[in-house]
């Protein structure tokens, strides 16, 4: 293990800031210069949207993230849920969310996969064995992600806590690869491996140096899990060792070491055992969630990393009507933070609840018809004009 305080990048940033300050001091604040700069920024924005000039990378400026729902608390019987903190996480970086229900048919899961630009597998508590709805949906999404990337279609996927555990089972093809850990409600620092500390990981290299330093030196990684992945489990499973690079380790209350961050070697697939979304968006007094401004920056920068990855993908709904049908805005979140639910997941301020897939489809059709009925008078008036 190697811990790096990222001092060299910090010094370099200071030097660049000083240089910029000197340049500003000798440059007159001319209106013409300001207008030229504004024009250049507008040209850059148009260039990125239209495919780029001079070798600039084309970006998708309307990214959509698919988020997997799960059964159980706090959802009522006959429903699945998504904690709204995951929706807010992607929205905070300029993306929108589409629910992918864990009990949807394979055909519907694939249809939604082809309409979104990245997949977020959230934390929670689910049965990670083949034949279980949540795991089977995750396995399908992992397989679709790998297939898309193998075909040259850049498509990112990120797992949080349960999401990382599900990824581990899906890739290893071993549902007993996880171990027990005493890390519930245990905000912790991260111990970076040499791969991450030396700047060879996409995930940590994308975060600002001060965020990486804070994650190593302060308890800003919100750990809240009873299961996890041992370092030895990666080393001893050929599929895992070939697929993933371990980026950080953490320690539970009794001194057991587990993998806390990892990413795929060849694919834009990443995972954190810790919860970046909680720092900014969950407020239960029952958990020791870090809310320091520097911890909030962790949330923001992890969101920026993931959504920036999604901007490199160009999946899209078939039409504006389909986009409106897919988005999570069709469903209202419930204020679950004011209640005490029995079960493991009691710390969500807000949650989205979805009926099981057949009823979900029926309700969505009713919402579509209501939207069309609202548009009808305006369309008729426009036709008369």
key: Filtered residue count, segment 249-265, keeping only those that are exposed (fewer than 14 other Cβ atoms within 10 Å of the Cβ) and touching a residue at least 60 places away in the same chain (Cβ under 8 Å)   = 2
ask   = Are any of the residues in segment 175-194 under 17 Å from the mean Cα position of the chain (by Cα) and in contact (Cβ under 8 Å) with a residue 24 or more places away in the chain?
value = no
query = Consider residue 235 against the criteria (1) in a helix (DSSP H, G or I); (2) farther than 21 Å from residue 299 by Cβ; (3) in contact (Cβ under 8 Å) with a residue 24 or more places away in the chain: it satisfies all of them except one. Which criterion is unmet?
reply = (3)
query = For residue 313, all conditions in the list (1) outside any helix (DSSP H, G or I); (2) under 20 Å from residue 96 (Cα atoms); (3) out of contact with any helix residue (DSSP H, G or I) (no Cβ under 9 Å at 6 or more places or on another chain) hold save one; what is the number of the exception?
reply = (3)
ask   = Out of all the residues in segment 244-264, is one or more more than 21 Å from residue 158 (Cα to Cα) and part of a helix (DSSP H, G or I)?
value = no
request  = Could you please let me know if residue 218 is within 20 Å of the chain's Cα centre (by Cα) and either surrounded by fewer than 23 Cβ atoms within 10 Å (Cβ to Cβ) or modelled with pLDDT under 95 (or both)?
outcome  = no
inquiry  = Among the numbered criteria (1) touching a residue at least 24 places away in the same chain (Cβ under 8 Å); (2) crowded, with 19+ Cβ neighbours inside 10 Å; (3) under 18 Å from the mean Cα position of the chain (by Cα), which one does residue 289 miss?
reply    = (3)
key: Residue tally, condition over 16 Å from residue 174 (Cα atoms) and either in contact with a helix residue (DSSP H, G or I) (Cβ under 6 Å, 6 or more places away or on another chain) or at pLDDT below 95 (or both), over segment 138-155   = 2
inquiry  = All but one of (1) in contact (Cβ under 8 Å) with a residue 60 or more places away in the chain; (2) assigned to a loop (DSSP other than H, G, I, E, B); (3) surrounded by fewer than 18 Cβ atoms within 10 Å (Cβ to Cβ) hold for residue 308; state the number of the condition that does not hold.
reply    = (2)
task = Check segment 205-224 and report whether any residue there is within 16 Å of residue 178 (Cβ to Cβ), touching a residue at least 12 places away in the same chain (Cβ under 8 Å) and in contact with a helix residue (DSSP H, G or I) (Cβ under 8 Å, 6 or more places away or on another chain).
result = yes
remark   = Note: among 160, 171, just one is within 17 Å of residue 235 (Cβ to Cβ) and under 19 Å from the mean Cα position of the chain (by Cα), namely 171
ask   = Just checking, which of 345, 277 is at pLDDT below 90, under 30 Å from residue 248 (Cα atoms) and crowded, with 18+ Cβ neighbours inside 10 Å?
value = 345
remark   = For segment 221-231, the count of residues that are surrounded by fewer than 24 Cβ atoms within 10 Å (Cβ to Cβ) and either at pLDDT below 95 or within 19 Å of the chain's Cα centre (by Cα) (or both) equals 2
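The values are calculated or read from the model by the stated rules, or taken from the named source; none is laboratory data. Computed from a predicted structure; not experimentally measured. Neighbour counts run over all protein chains shown; Cβ positions are idealised from the backbone, glycine included.
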